[in-house]
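Here is the structure we will look at.
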Amino acid sequence: MSDPLLDALADSAANRGLKLVRSRVRTPGKRRFGKVGLTDKSGKPVFGVDARGPTAKPDEVEAYLRDLGAGDWGASLGQSVPEAKHRAPARAKAPTPKPAPQPKLEIRAAKPADAKAIVSLTALLEHDTDEVGVRKRIAELTRDKLAPLVATLGKTVVGLCGIDAMTAIHRDQPVGRINILVVVPEARGRDIGRRLVEAAEDAMRKRGCGLLEITSNDRLTEAHAFYRHMGFERTSIRFAKVL
């Protein structure tokens, strides 16, 4: 199934005369799962590719393409960039100001101070809650070592991933679960959802879970496509009743 994030990355590579190569590994947790790389049109590796295939993460390729100037990508393909002949004396130019550094993405456990941001994030999925209740639940979940995960850019919370684990009588290992996953619209397309899911997988493995489930509303079809791309399969229908 097509991945909008990787499709956009492929278009960006093509605009620079390059080709995006995607890993054929479809099993989460296995080496090279979700990896990508760049080659030239002849298939010669340019970035993030070795003899066995892609080795880079999508955000690493995105950063490489973003920083790639016209002269840089020509050199990376083994092509010399010809210099113009009979150039007129260059005029002195004012120094170009350096762009402000981009805030660093971090995935961490939620804190009570994140309650206001979490309320706003859950509202994007039409959940009605309040800061007092969220603070209380963060404290309870932290005691159980199941604090939700948040994604931050600098000091701003931009994503949320709720996690849970349960012991099922019919399973030898505990079952992990992602019960909510959301990223603010202005930060989407930056691989934040993928990073949150990967962090949840790591947390559930450390807890001894042998299976990770995701619950998602039927109407969130774009999210379903994302989950399938991440290696999840639809295995059941969920029923719910208000008590």
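The values are calculated or read from the model by the stated rules, or taken from the named source; none is laboratory data. Remember, it's a predicted structure, so these values are computed and weren't measured experimentally. Every residue, glycine among them, receives a Cβ derived from its backbone with ideal geometry; neighbour counts consider all protein chains shown.
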**Item:** Subset of segment 154-175 [of a type outside the set (D, E, K, R) and outside any strand (DSSP E or B)]
**Value:** Gly154, Thr167, Ala168, Ile169, His170, Gln173, Pro174
**Complete:** Selection from segment 101-119 of residues farther than 28 Å from Ala63 by Cβ and assigned to a helix (DSSP H, G or I) yields Pro112, Ala113, Ala115, Lys116, Ile118, Val119
**Identity of the residue in segment 53-109, surrounded by 12 or more Cβ atoms within 10 Å (Cβ to Cβ) and of a type in the set (Val, Ile, Thr), that ends up modelled with the lowest pLDDT** = Val61
**Request:** Might you check whether a residue that is assigned to a strand (DSSP E or B), free of Cβ contacts under 8 Å to residues at least 40 places away in the same chain and in the same structural domain as Lys111 (by TED's automatic domain parsing) occurs anywhere in segment 144-153?
**Result:** no
**Fill in**
Taking segment 154-179 and keeping residues in contact (Cβ under 8 Å) with a residue 12 or more places away in the chain and closer than 14 Å to Cys209 by Cα leaves Ile163, Asp164, Ala165, Arg171, Asp172, Gln173, Pro174, Val175, Gly176, Arg177, Ile178
**Item:** Members of segment 207-220 that are over 12 Å from Val175 (Cα atoms) and either out of contact with any Asp or Glu (no Cβ under 9 Å at 6 or more places or on another chain) or not assigned by TED's automatic domain parsing to the domain that holds Val175 (or both)
**Value:** Thr215, Ser216, Asp218, Arg219, Leu220
**Message:** Can you tell me which residue is surrounded by the fewest Cβ atoms within 10 Å (Cβ to Cβ) among those in segment 5-38 that are over 17 Å from Val49 (Cα atoms), of a type outside the set (Lys, Arg) and in contact (Cβ under 8 Å) with a residue 12 or more places away in the chain?
**Reply:** Thr27
**Message:** Residue under question is Cys209, and the condition is that it be in contact with a Pro (Cβ under 6 Å, 6 or more places away or on another chain), in contact (Cβ under 8 Å) with a residue 24 or more places away in the chain and not in a helix (DSSP H, G or I); does it hold?
**Reply:** yes
**Prompt:** Quick one: what pairs do we get from segment 217-236, first residue among the aliphatic types (A, V, I, L, M), second surrounded by fewer than 11 Cβ atoms within 10 Å (Cβ to Cβ), C-beta under 7 Å, 6+ apart or different chains?
**Reply:** Ala225/Met1
